[in-house]
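Coordinate-derived values only; no laboratory data. As the structure is a computational prediction, the values presented were derived from the model and not from experiment. Cβ: placed from backbone, ideal geometry, glycine included. Neighbour counts: every protein chain shown.
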Amino acid sequence: MDTLKRLLGIVWIALALAAAYFCIFEFGLPKFKTDKQEDTVFGIIILFVLTPLIVLGLGVFGFYALKGEYDAEK
């Protein structure tokens, strides 16, 4: 079970990278290309608030799972 947790750590890190890509290039930056104020505000919220929270949360969780912090022996 511990090896499964470590393998899932790699999955969580991959999800963090995928979330970073989609939050930045699919959701955040295209909002700045429109001239609407509500799109600009939404783009700022996605890029500077939501993206770091999502990516850091998934990345830290994956790092600790990969490191073995969630093993049953500890």
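If you put +1 on each Lys and Arg Cβ and -1 on each Asp and Glu Cβ, how big is the dipole of the chain around its Cα centre, in Debye rounded to 20? Walk me through the intermediate numbers first.
Values: 7 positive and 8 negative charges, 17 e Å.
It works out to roughly 80 debye.
Relative to the longest principal axis of the chain, what angle (0 to 90°, nearest 10) does the C-alpha long axis of helix 51-67 take?
So the inclination is approximately 10 degrees.
What is the extension gain from Asp71 to Val49, computed as 0.36 nm multiplied by their sequence separation minus the C-alpha to C-alpha distance, in nm to one decimal? Spell out each step's value before the answer.
Working: separation 22, 0.36 × 22 = 7.92 nm, distance 3.15 nm.
Additional length available on full extension: 4.8 nm.
Sequence gap at least 6, Cα distance under 8 Å: using those rules, report the relative contact order of the chain to the nearest whole percent.
53
Starting from the eigenvalues of the Cα gyration tensor, five times each then square-rooted, give me the equivalent ellipsoid semi-axes of the chain, largest first, whole Å.
34, 10, 5
Taking Cα atoms, how many degrees apart are the long axis of helix 2-21 and the longest axis of the chain, rounded to 10 and kept between 0 and 90?
10
Return, ordered by residue number, the residues of region 1-24 whose backbone nitrogen is under 19 Å from a label point located 7 Å along Cα→Cβ of Tyr64.
Under 19 Å, as judged by backbone N against the label point of Tyr64, lie 2-17 of region 1-24.
Between Val55, Ile45, Phe32, whose Cα lies farthest towards the positive end of the dipole of region 2-67 when Lys and Arg beta carbons carry +1 and Asp and Glu beta carbons carry -1, centred on the Cα centre?
The Cα lying farthest towards the positive end belongs to Val55.
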